[in-house]
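For reference, the structure discussed in these notes is given below.
What follows is calculated from the coordinates using simple rules that are stated; it is not laboratory data. The model shown is predicted, which means the values in this text are computed figures rather than measured ones. Note that we place each Cβ from the backbone using ideal geometry, even for glycine, and neighbour counts take in every protein chain shown.
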Ligand code: ATP
Ligand code: MG
């Protein structure tokens, strides 16, 4: 008997730190695309960012683990951290497909990343291999119709309540001595304070 393929969403990011925008985007994707699971996968070195993350890899990983812990269909995945090097999504997808042949993969991205898709490494191969789930995000807007016709069947637009939250803004608030409560899960807020993250320079 053939087992139905699992539907797994991947939420990739630097997570410097993880915040409620990431979690709500994943929840909206899970619900609308009827996913079985969402894996939060911190990037090792993001191809598109020129600045290094401020918090070290272990801190970012632990904050992701804390944030996903309460939700049984959210998981944290070390896949890209363990691969090392620049985290090209195409490499990740090829590796995941080889290791988990009976899974359909959905790559979850916010509006800023949808706008950036044409510049992704091996984007045509990626578009044939997986689906993308795109969410709107304050500061960028996109429509499925404006995408190349061949991509339109591969990108699913999912609605979410708009949260104007970014890790950049959270890091700035910390430097300014301001609160980050209600922008990140309580456990992450406590962790950031305990390790004095984002107070001054990188650590
Ligand atoms: P930074 O400001 O450091 O770039 P960020 O808040 O953009 O951090 P990332 O880790 O860069 O977070 O983003 C990971 C993924 O989550 C991206 O696809 C991004 O578009 C998406 N994302 C982040 N914040 C939101 C949000 N508030 N609403 C919807 N999607 C979001
Ligand atoms: Mg970003």
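Quote the relative contact order of the chain in percent (integer), defining contacts as alpha-carbon pairs under 8 Å separated by 6+ residues. Could you put the intermediate results ahead of the total?
On the way: 307 pairs, mean separation 53.3, N = 203.
Answer for the chain is 26 percent.
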Inset, instruction - Treat each spin label as a single point 7 Å out from the Cα along the C-beta direction, and report the residue 163 to residue 195 distance in nm. - result: 2.0
Inset, instruction - Using only Cα atoms, locate the centre of region 47-113 and the centre of region 1-38, then give the distance between them in Å, rounded to an integer. - result: 11
Legend entry - Estimated inter-spin distance, residue 82 and residue 150, nm [label 7 Å along Cα→Cβ]: 3.3
Legend entry - Nearest 10 degrees, 0 to 90: helix 57-68 Cα axis against the chain principal axis: 70
Legend entry - Angle between the chain longest axis and helix 89-99 axis [Cα atoms, degrees, rounded to 10]: 70
Inset, instruction - Using packing as a proxy for protection, rank 116-125, 30-39 so that the peptide with the highest average count of other Cβ atoms within 10 Å comes first. - result: 30-39, 116-125
Inset, instruction - Starting from the Cα of residue 7, step 7 Å along the direction of its Cβ; do the same at residue 124; then give the gap between the two resulting points in nm. - result: 2.9
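Hey, what's the Cα Rg ratio for the chain versus the globular rule of thumb, 2.2 N^0.38 Å?
On the way: Rg = 16.7 Å, N = 203, 2.2 N^0.38 = 16.6 Å.
Its radius of gyration relative to the 2.2 N^0.38 Å reference: 1.01.
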Legend entry - Rg(Cα) / (2.2 N^0.38 Å) computed for region 1-83, rounded to two decimals: 1.15
